[in-house]
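Just below is one structure, and these are the notes that go with it.
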Amino acid sequence: EASGGGDDRVRNLRNEVEGVKNIMTQNVERILARGENLDHLRNKTEDLEATNVKMIVLICVIVFIIVLFIVLFATGAIPT
C-alpha cells in the first residue's frame, strides 16, 4: 500500500512534467513563429522604404523639370 501511493505520486509528477513540457514546446513554437513574422515585416518595411525613396526621387525630378520649363519660358529661352 505504501508503494502504491508512491507510484501515484510518481505518475502525477510525470504527468505534471509532461504538461509543463507540452506548454514549453508550444511557447517555443510561438516564439519561432513570431520571429518569422518579424522577419517578414522587416522585409516588407525595407521594400516600402525603397519604394518611398524611388517615389521621392521621381517627384523631385518632375518638380525640377516643371521649374526648368517655367524658368526657360520666363526667360524667353523657349519661344512661345
**Q.** Computed lengthening from N37 to T80, 0.36 nm per intervening residue step minus Cα-Cα distance
**A.** 9.7 nm
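Quick one: pull the percentage of alpha-carbon pairs in the chain with a separation above 17 Å.
74 percent
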Q. Which residue, chosen from N22, H40, N12, occupies the Cα position most advanced towards the positive end of the dipole of the chain, where the dipole is computed from +1 (Lys, Arg) and -1 (Asp, Glu) charges on Cβ about the Cα centre?
A. H40
**Q.** Extension gain from L58 to I23, taking 0.36 nm per residue of separation minus the Cα-Cα distance
**A.** 7.4 nm
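Where a number appears in this text, it was derived from the coordinates with a stated rule and is not lab data. Bear in mind that the values here come from a model prediction, so they are computed numbers and not experimental data. Methodologically, a virtual Cβ is constructed for each residue, glycine included, from the backbone with ideal geometry; neighbour enumeration extends over all protein chains shown.
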